[in-house]
Amino acid sequence: MGRESTGSLFERGDEPGAGEGAPAPAPADAPLAERMRPRSLDEYVGQGHLLGEGRLVRRLVDGKGTLPSLIFWGPPGTGKTTIARLLARAGGAKFVPLSAVLSGVKELREAVAEARDARRRGWRTTLFIDEIHRFNKSQQDALLPAVEDGTVTLIGATTENPSFEVNAALLSRARVLTLQPLSPDDVEALLRRALADAARGLAGLNPAVPDEELARLARGAAGDARVALTALEAAVLATEPGPDGVRAVDRDTMAEALGRARYAYDKGGEEHYNLISAYIKSLRNSDVDAALYWLARLIEGGTDPVFIARRQCIFASEDIGMADPRAMVQAASAAQVVQMIGLPEGLYPLSQATILLALAPKSNAIKRAYFAAAADAAATAREPVPLHLRNAVTSLMKASGYGEGYRYVHDDPDARGEMDCLPPGLKERRYFLP
């Protein structure tokens with residue numbers, strides 16, 4: 001993190017006493033996403049489960065309650081940094097941002113030293129650590145004393161599961177709050193605000209973006225406001241003004257700005273189902289190359305990797321089953337790893353599972369067996385359980401014949417072939433045909 005000319009780690013505009021005013025505006029040449037960062041709760045879009053009336057963060061931003069140490073866990077571009085700034089300003093605290101990518105123990109110690117000095121002068125400090133999961137154990141341990149004694153109020157932001165990436169000792173001193181991806185409507189609202197804002201946004205460039213292209217961009221951003229705003233700015237700047245001075249952004253320019261794969265993909269529309277259908281059918285046809293291609297289209301298009309992992313697990317049983325029981329183990333392992341590490345690294349276990357599922361022998365015997373049994377179960381729903389298969393848990397049951405004639409297969413191996421376990425009317429029925 002860059003240092004101020006004063007030598008202080010504290011940001012201009014976020015000193016105590018500045019809580020009632022707006023923060024220092026972003027430079028005019030800052031990226032659009034930074035310029036449009038909400039300056040108040042009224043400008044914030046999304047995360048109603050945290051910021052709705054009566055919710056914890058809303059109460060804290062409104063100055064109702066003491067700010068505890070927090071860990072914000074959620075996807076990129078969902079407002080973790082913005083909420084941290086709003087909370088610090090609401091409490092009149094100094095806001096000290098550090099990036100775990102660029103900072104180490106030295107920077108932590110400097111921040112804590114300044115926070116102690118500020119505390120002696122009656123000022124509180126909110127220490128915000130972006131990508132806190134990138135701090136190693138010793139770096140996280142260095143935070144503990146300052147958090148424990150109240151020198152700083154810690155707000156960490158992470159895109160990874162804190163249970164795996166943040167020390168238990170630090171987790172026990174902080175509350176984890178989960179942020180959700182922004183909805184397409186939320187993202188579109190932010191895009192329209194940027195287009196209409198002359199001071200911080202793009203209105204001064206006279207942009208004209210068709211409604212359908214804004215909606216497509218909002219969907220293609222996959223809940224990441226930063227991605228959407230960055231693409232919008234790039235598309236507007238790449239469009240030459242017409243004779244009337246209007247920059248009429250077309251579909252091709254917007255697609256280039258976002259990336260054609262993401263722009264063409266619509267996770268809420270028909271193309272989503274077309275792509276997953278092509279993927280599953282390629283697996284079923286044992287076409288490993290086609291399956292990998294469709295997997296890449298899904299991932300690069302912004303599909304939730306957990307959705308893909310779920311479909312792999314279904315396929316492993318429905319289309320392979322007992323033909324290769326390893327397929328279920330591989331698919332389940334890939335799903336667990338993907339939930340643990342997310343993307344981009346999650347593409348490796350998904351690809352590994354794809355290759356195994358495509359190359360494995362295929363059988364739908366499990367599917368056929370179950371639905372054949374289900375059809376008979378529906379037709380014979382009132383068929384009583386044979387007495388010899390019932391447990392005699394009371395003397396009355398035993399006197400009524402419960403359990404009579406049951407043969408324990410471990411002591412009587414012949415029982416396997418001689419004792420019927422289906423109702424009499426289904427005695428010869430066979431469901432599983434490998």
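Things worth noting here:
- Looking only at the range 278-289, and only at residues there that are among the small types (Gly, Ala, Ser) and either surrounded by 17 or more Cβ atoms within 10 Å (Cβ to Cβ) or modelled with pLDDT under 95 (or both), the one that is farthest from LYS367 (Cα to Cα): ALA278
- Criterion applied to ALA146, ALA111, ALA157, ALA90 was being in contact with a strand residue (DSSP E or B) (Cβ under 9 Å, 6 or more places away or on another chain), within 30 Å of ASP42 (Cα to Cα) and assigned by TED's automatic domain parsing to the domain that holds LYS64, and the one residue passing it is ALA157.
- Here SER99 meets the list (1) modelled with pLDDT of 90 or more; (2) crowded, with 16+ Cβ neighbours inside 10 Å; (3) under 26 Å from GLY346 (Cα atoms) almost entirely, failing just condition (2).
- Qualifying residue in the range 395-408 (condition: in contact with a Phe, Trp or Tyr (Cβ under 9 Å, 6 or more places away or on another chain) and either surrounded by 15 or more Cβ atoms within 10 Å (Cβ to Cβ) or within 30 Å of PRO305 (Cα to Cα) (or both)): no
- Test: residue in the range 369-377 that is within 21 Å of ILE276 (Cβ to Cβ), charged (D, E, K, R) and free of Cβ contacts under 8 Å to residues at least 60 places away in the same chain: no
- Counted residues, the range 84-142 - those being more than 32 Å from the chain's Cα centre (by Cα) and either on the phi > 0 side of the Ramachandran plot or assigned to a strand (DSSP E or B) (or both): 1
- Selection from the range 211-223 of residues that are surrounded by fewer than 21 Cβ atoms within 10 Å (Cβ to Cβ) and touching a residue at least 40 places away in the same chain (Cβ under 8 Å): GLU213
- Taking the criterion of being assigned to a helix (DSSP H, G or I) and out of contact with any Leu (no Cβ under 8 Å at 6 or more places or on another chain), the residues of the range 207-234 that qualify are ASP211, GLU212, GLU213, ALA215, ARG216, ARG219, ARG226, ALA234.
- Given (1) in a helix (DSSP H, G or I); (2) surrounded by fewer than 21 Cβ atoms within 10 Å (Cβ to Cβ); (3) in the same structural domain as LEU50 (by TED's automatic domain parsing), index of the condition ARG173 fails: (1)
- Near pairs, Cβ below 6 angstrom, 6+ apart or cross-chain, from the range 184-203 (more than 13 Å from ARG35 (Cα to Cα) and of a type in the set (Val, Ile, Thr)) to any residue that is surrounded by 22 or more Cβ atoms within 10 Å (Cβ to Cβ) and modelled with pLDDT under 95: VAL187/ALA218; VAL187/ALA221; VAL187/ALA225; VAL187/ALA228
The values are calculated or read from the model by the stated rules, or taken from the named source; none is laboratory data. Quick caveat, the model's predicted, so the values are computed rather than measured. As a convention, Cβ positions derive from the backbone with ideal geometry for all residues, glycine included, and neighbour counts pool all protein chains shown.
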